[in-house]
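Throughout, read-outs are computed from the coordinates displayed, never taken from laboratory work. Just so it is clear, the model here is predicted, and its values are computed rather than measured. Cβ placement follows ideal geometry from the backbone for every residue including glycine, while neighbour counts extend to all protein chains displayed.
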Amino acid sequence: MIYDNLNNYYLRGFTLLELLVAISIFSILASIAYGGLIVVLNNNDHHERVSNRLSEIQSTFVFLQRDIEQAVYRSIREETSQKLPALYSAPKENVLLELTRTGWQNPLEQKRSELQRVSYHVKEGKLYRGYWTSLDRKYNAKKHDAAMFSNFKTIHFRFLDDKNKWHLTWPPYGKDDPNDQLPVAIETTIDSNDFGSITRLFSLKNV
């Protein structure tokens, strides 16, 4: 009799109340687990975005450093045959920086110069680096632009002359400055929405 009672006890199903309690407990645990998963995924997305932004700004400064440190004194002729200084900056014309640099690698050994004309300008809230395939530009010369950095408040350059005086444009007195020369150093400041104001100072090795 005792055996039959125990057997019947273990064979009977759950009551409705027990099922509701079990489902409630499972729902609570699932909600806690889901909330934790969302937090982990959001943190992962945030860290990935920050990492990508950090990589962008580091890459921007690397390109700036290479271009500036390899700047050489070589003026060019633009499409209208007007002379442009070896290094030129006119923020009001949206020319943050334009210069002639050496060290343009030529792994395919094409018939071209190792000098390259590069520029930096802002368009639609993005900083672009551009270059031309030839120094002296012909009519409708094609410029190759690549976006470098975005989501920033301001970006500006300062130029140090050989008398230790800073200038906001270069040449200091316009593109027709008779004392045209390369600056000694260039200071770049980017006010980023993510990382605040970042300033780098680059010296020109060929001065």
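Could you work out the relative contact order of the stretch 62-203? I mean the mean sequence separation of Cα pairs under 8 Å and 6+ apart, divided by the number of residues, in percent.
Numbers: 287 pairs, mean separation 29.3, N = 142.
Rounded, it is 21 percent for the stretch 62-203.
Straight-line reach from LYS123: which lysines have a Cα under 22 Å away, not including same-chain ones fewer than 8 places off?
The reachable lysines, counting only those whose Cα sits under 22 Å from LYS123, are LYS92, LYS142, LYS143, LYS153.
Work through the residues other than ASP136 whose Cβ is under 11 Å from its Cβ and net out their charges, Lys, Arg +1 and Asp, Glu -1. Write down the numbers at each step before the final one.
Values: positive: ARG74, ARG77, LYS83, ARG117, ARG137, LYS138; negative: GLU78, GLU79.
The answer is +4.
Loop-only check: which chymotrypsin sites (Phe, Trp or Tyr not before Pro) in the stretch 105-184 are DSSP coil with at most 13 other Cβ within 10 angstrom? Present the calculation step by step, with values, prior to reporting the outcome.
Values: sites: TYR120, TYR128, TYR131, TRP132, TYR139, PHE149, PHE152, PHE157, PHE159, TRP166, TYR173; in loops: TYR139, TYR173.
Taking the stretch 105-184 and a limit of 13 other Cβ atoms within 10 Å, the loop chymotrypsin sites (Phe, Trp or Tyr not before Pro) found are TYR139, TYR173.
Report the Cα-based extents of the stretch 62-203 along its three principal axes, largest first, to the nearest Å.
Here the Cα extents, ordered largest to smallest, are 44, 34, 27 Å.
Using the number of other C-beta atoms within 10 angstrom as an exposure proxy, rank HIS144, HIS121 with the fewest first. All intermediate terms of the calculation are to be shown ahead of the outcome.
On the way: HIS144 10, HIS121 17.
Ascending Cβ contact count within 10 Å gives the list HIS144, HIS121.
Rank the residues ILE23, ILE76 as a footprinting-exposure proxy: fewest other Cβ atoms within 10 Å of their Cβ go first. Walk me through the numbers on the way to the answer.
Values: ILE23 10, ILE76 20.
The order, fewest Cβ neighbours first, is ILE23, ILE76.
Name the residue farthest towards the positive end of the dipole of the stretch 62-203 from the options PHE159, LEU96, LEU135, assuming +1 on Cβ of Lys and Arg, -1 on Cβ of Asp and Glu, about the Cα centre.
LEU135
LYS163: which aspartates and glutamates have alpha carbons under 18 Å from its alpha carbon, excluding same-chain residues fewer than 8 sequence positions away?
Hits, sequence-local ones excluded: ASP177, ASP180, GLU187.
In what order do LEU204, LEU19 fall by count of nearby beta-carbon atoms within 10 Å, going from fewest to most?
Numbers: LEU204 20, LEU19 11.
Going from least to most buried by this count: LEU19, LEU204.
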